[in-house]
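Colleague: I'd like to ask you about the structure that follows.
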Amino acid sequence: MRVRVGWDMAGKAAGLPENLCLKSNWSGAFNDVDICALEARFYHFLAGKMQVPTAACYYADWDDDGRGQGLIVLEDLVERGGKFGHSTQHAGIDGIAGALEGLARLHGSLWDSPVISETAAPWLQTSMRTPVDHDQVRIMWHWICENLKDPNFRAIAPSHYLAEPRRVEWAFDRLVQFERSFEAPFCVILGDCHQGNTYILPDGERLWLDWQLARRGRPWRDLTYFCIGSLTIDERRHHLRDLIAHYRSNLIATGATNVIELDEIWEQVRRWVMYGIQAWVANMDHWGQNGLPMNERFFAAGEDLGTWQLLLGN
């Protein structure tokens, strides 16, 4: 909700902007998940400690009554003169490379930091160890079934998935098991890292928005989701490995230590494609992002990179 505020003398003296944006859950739905409270906590506790380009937040608070409600008061980004990203925008190889430099700064700013430990930040959920993550397919199954009725969706989906739609649930459960057993440094991840959750400033820099799935996690979830979703199928086939190497070098440049080797990251990416598959097969276009081209990109990546076989063995 965009608002214009008439400030009193104290507000004017503090330099508060006239135009602001309020974000909360007024939908009447999704009251069984705590995504709004989590985003408010992110801005309250962590945003100021990270080298992360994001919207300025002037107020963040939440209820602790179990409803998961939260409220944040952000700057009105229209004032910046840029444009909101969309999942289907074509950024090109150079545009994605630049975005990955910003993503590396985001991940590197609290890399392996005690600030995000379970003791210091008990409210920060660990990737794939919270129901909104590991039960995501089951939570979203109704919408998956709705997409399966769409002939346009069925035209691009792999035949083995159409023959047994539960394969996405089984494969995703294997990804969850893989991530839980993997040992590597944690960082803060956006969790829902696609172009539609960015704002592009006039100079080309991206702000990273929508921290409702912020996690203590490993960066491969963000990296894979962003790259596969942002590149055309042809671009991904020819440039993905080079872009991953570019990201890795920028992550190390932030001071991140014990970063796994490129070949190991590649194996992570092959598996994490499944996160994108399960996310987009449940996407409804009226939520604001065009799901069909995204499904096509993730389905193609799953076949090209052997994701299904790697996770399911067939």
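The values are calculated or read from the model by the stated rules, or taken from the named source; none is laboratory data. Predicted model, so just to flag it, every value in this text is computed and none were measured. Every residue, glycine among them, receives a Cβ derived from its backbone with ideal geometry; neighbour counts consider all protein chains shown. Protein only, heavy atoms only, side chains kept; ligands, DNA and RNA dropped before computing areas. Shrake-Rupley method; radii C 1.70, N 1.55, O 1.52, S 1.80 Å.
Colleague: If you go through the range 1-46 one residue at a time, how many are open to solvent by 40 Å² or more (accessible area, probe 1.4 Å), small (Gly, Ala, Ser) and assigned to a helix (DSSP H, G or I)?
Modeller: Here the count works out to 2.
Colleague: Here is a list: Gly229, Gly217, Gly204. Which entry is at pLDDT below 95, closer than 23 Å to Leu251 by Cβ and not hydroxyl-bearing (Ser, Thr, Tyr)?
Modeller: Gly204
Colleague: Another one. Within the range 276-287, can one find any residue that is open to solvent by less than 10 Å² (accessible area, probe 1.4 Å) and more than 24 Å from Gln136 (Cα to Cα)?
Modeller: No - not one qualifying residue is present in the range 276-287.
Colleague: Restricting to the range 178-204, name every residue that is open to solvent by less than 10 Å² (accessible area, probe 1.4 Å) and in contact with a His (Cβ under 8 Å, 6 or more places away or on another chain).
Modeller: If the condition is that a residue be open to solvent by less than 10 Å² (accessible area, probe 1.4 Å) and in contact with a His (Cβ under 8 Å, 6 or more places away or on another chain), then Cys187, Val188, Ile189, Gln195 are the ones that fit.
Colleague: Does the range 238-253 contain at least one residue that is in contact with an Asp or Glu (Cβ under 7 Å, 6 or more places away or on another chain), part of a helix (DSSP H, G or I) and not hydroxyl-bearing (Ser, Thr, Tyr)?
Modeller: yes
Colleague: For the range 60-74, indicate whether the set of residues that are within 19 Å of the chain's Cα centre (by Cα), open to solvent by 40 Å² or more (accessible area, probe 1.4 Å) and either among the polar types (S, T, N, Q) or more than 30 Å from Ala256 (Cβ to Cβ) (or both) is non-empty.
Modeller: No - not one qualifying residue is present in the range 60-74.
Colleague: How many residues are out of contact with any helix residue (DSSP H, G or I) (no Cβ under 8 Å at 6 or more places or on another chain) and more than 30 Å from Gly68 (Cβ to Cβ) when one looks only at the range 96-131?
Modeller: Qualifying residue count for the region: 1.
Colleague: Could you please let me know if Asp34 is free of Cβ contacts under 8 Å to residues at least 12 places away in the same chain, out of contact with any helix residue (DSSP H, G or I) (no Cβ under 7 Å at 6 or more places or on another chain) and acidic (Asp, Glu)?
Modeller: No, not satisfied.
Colleague: Which pairs do you get when a residue that is of a type in the set (Asp, Glu), found in the range 1-24, comes within reach of a residue that is open to solvent by 90 Å² or more (accessible area, probe 1.4 Å) and outside any helix (DSSP H, G or I), reach meaning Cβ atoms under 6 angstrom, with the pair 6+ apart or on two chains?
Modeller: Glu18/Arg4
Colleague: Among the candidates Leu162, Leu213, Leu207, single out the residue that is of a type in the set (A, V, I, L, M), under 17 Å from Gly302 (Cα atoms) and either open to solvent by less than 30 Å² (accessible area, probe 1.4 Å) or in a helix (DSSP H, G or I) (or both).
Modeller: Leu162
Colleague: Further question on the same structure: Checking the structure you have, find out if any residue of the range 147-158 is under 22 Å from the mean Cα position of the chain (by Cα) and either at pLDDT 95 or above or open to solvent by less than 50 Å² (accessible area, probe 1.4 Å) (or both).
Modeller: Yes, some residue in the range 147-158 is under 22 Å from the mean Cα position of the chain (by Cα) and either at pLDDT 95 or above or open to solvent by less than 50 Å² (accessible area, probe 1.4 Å) (or both).
Colleague: Continuing with the same structure: Of these, Leu124, Leu110, Leu175, which one is open to solvent by less than 20 Å² (accessible area, probe 1.4 Å), at pLDDT 95 or above and assigned to a helix (DSSP H, G or I)?
Modeller: Leu175
Colleague: Okay, next question. Taking Lys83 and the conditions (1) within 17 Å of His194 (Cα to Cα); (2) open to solvent by less than 20 Å² (accessible area, probe 1.4 Å), which numbered condition does it fall short on, given that it satisfies the others?
Modeller: That leaves (2) as the condition not met.
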